[in-house]
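Values in this text are rule-based calculations from the coordinates and carry no lab data. Please read all numbers here as calculations on a predicted model, not as lab measurements. Here the Cβ positions follow ideal geometry from the backbone for every residue, glycine too, while neighbour counts run over all protein chains shown.
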Amino acid sequence: MKSVHIIIISALAAVFSSCEQSAPTPDNRPPGKVYTDPEEKQEYAVCFGNTHSHCRYSGDANQTEANTVERHFALARENGYDFYCVTDHSQYDTYSQDAWEHIAAAADECTTEKFVAIRGYEHSENNGPGAKGHQNVYNSDSYLNALAEGIDMTYFHNWLADPSNSGAVVSMNHPEKDQYDGFACYNESARNKVTMFEVINGKELYFDSFLIALGKGWKVSPIAGCDNHATNAISTWTPRTGLAVERLTREGIFDAMRNRRTYATFDPDLKLIYYVNNHVMGSAFNTSSEELRFEISVSDPDKSSADARIRRIEITGASGATVKAGEFSEHDVEWKVAIPASKGCYFLKIYNFTSSEPVAYAAPVWVL
Ligand SMILES: [Zn+2]
Ligand SMILES: [Zn+2]
């Protein structure tokens, strides 16, 4: 694996901008107002990591001496990950406030200029009543035991919506099609905290569930979580979550997660970013333009592998139908293509020559 995974995606000239005023690209703009598109694209670096793992603080994880949080972070760093999240189940006797604090201290200790270690926890709602499902919580100041008396999904969403959790960001984990009682939302203020969706968990694909979640109004973007319960998969797992970050720091990672600048890839070094009318992937915006101008950059550094060449890119609607497709056979693809502006959700599927199935799924944009 390459030791340097960060590349700067150079900004393309803003040749498409027809607006006089540039506008920032805040997330979740309310509809009903027409915003100008930004004059220029903001630059980001792409980094690669794992959003989901368990050390021995999880009661169902490997309980050997070797399965420590420190070992997870050290192996991730050695194996070229740019970031790595330890997200233990909080409901076991093996978990405690001490564990919670120890993981944070270990994450601080293991973080360097080139590697960010992150503590989260997996909120595993297994007993309802009502909605069940697992969700990772990152950057919260405290944790819940999902199986404790009185803690159901309503409680969880209310907790997320509380101002004390303003920094928290959440993923939907290994979601089956009927998860979370049909992807219900119990507190609309919590909705924008849930920004990510494990389209890849381990090596399994949850794409059909992803479409259901989008259809239920969740603004979620694809990630890949290893969900390893021991350390051996750290060197052998090849999928990754790709993030477009302003900087490789913990806050930079959380900012990318919060604003859905994510993609899920089966290829560990496939670099990907795209913009629509200069709004970066993950954005929700409305536009006065009559076109949605996609500018898509995809590259794979494995130049010696013909199979690693990009074969096809699909712009996909929320229903899963292909809106536009392009065919290629290069390692580096810059594709500019426009479609008529229409409200809705659009995301990308990327194909190379290794499989008939997509190798990567990129964050949607939402045209409000
Ligand atoms: Zn789980
Ligand atoms: Zn898990």
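Taken over the C-alpha atoms, the range 209-279 has Rg and Dmax values of 13.9, 43 angstrom. Database remark: amide H of E291 closer than 5 angstrom to the amide H of A341 (H placed geometrically; neighbours at sequence offset of 5 or more, or on other chains; Pro and chain starts carry no H). Taken over the range 131-180, the convex hull of the Cα atoms encloses 77 Å³ per residue.
Near H331, the amide H atoms lying under 5 Å from its own belong to I310; only residues 5 or more places off or on other chains count, and H is placed 1.01 Å from N. For the range 76-85, backbone phi angles converted through the Karplus equation (6.51, -1.76, 1.60; θ = phi - 60°) give residue-by-residue couplings of 4, 4, 4, 9, x, 5, 8, 8, 7, 10 Hz, Gly and Pro being listed as x. Rounded to 0.05, the FRET efficiency of the N232 and D208 pair, given R0 = 35 Å and the Cβ-Cβ distance, is 0.75.
Starting from 0.36 nm per residue, how many nanometres of slack lie between E109 and D162 once their C-alpha separation is accounted for? Can you show the working numbers first?
Values: separation 53, 0.36 × 53 = 19.08 nm, distance 2.96 nm.
My answer for the length gained is 16.1 nm.
Per-residue Karplus couplings for the range 197-212, computed as 6.51 cos²θ - 1.76 cosθ + 1.60 with θ equal to phi - 60°, are listed in order as 9, 6, 5, 10, 10, x, 10, 8, 9, 10, 5, 4, 5, 4, 5, 5 Hz, Gly and Pro entered as x. For the range 39-48, putting each phi into the Karplus relation 6.51 cos²θ - 1.76 cosθ + 1.60 with θ = phi - 60° gives couplings of 6, 10, 8, 7, 8, 9, 9, 9, 10, 10 Hz, in residue order, rounded to whole numbers and with x for Gly and Pro.
The base-10 log of I(q)/I(0) for the range 222-368, evaluated at q = 0.16, 0.18, 0.19, 0.20 Å⁻¹, reads -0.88, -1.08, -1.18, -1.28 [Debye formula, identical scatterers on Cα atoms, solvent excluded]. Once you reduce the range 270-303 and the range 313-338 to the center of their Cα atoms, the two points are 11 Å from each other. Net charge dipole, the chain: roughly 820 debye, given to the nearest 20, about the Cα centre with Cβ charges of +1 for Lys and Arg and -1 for Asp and Glu.
Annotation for E327 and N127: the two label points, set 7 Å from Cα along the Cα-Cβ direction, are 5.7 nm apart. Per-peptide packing, taken as the mean over residues of other Cβ atoms within 10 Å, places 163-169, 359-365 in the sequence 359-365, 163-169 from highest down. Taking every C-alpha pair closer than 8 Å and separated by at least 6 residues, the mean separation divided by the residue count of the chain gives a relative contact order of 16 percent.
Taking the DSSP bridge list for the range 45-260 and keeping only pairs wholly inside it, about 50 percent are antiparallel. Checking the cross-link pairs K41/K114; K177/K324; K132/K177; K114/K271; K203/K324; K193/K336 against a 23 Å limit on the alpha carbon distance flags K41/K114; K177/K324; K203/K324; K193/K336 as lying beyond it.
Projecting the alpha carbon convex hull of the chain along each direction and taking the average yields 17.3 nm². The spacing between the range 83-111 and the range 184-238, judged by their C-alpha centroids, is 20 Å.
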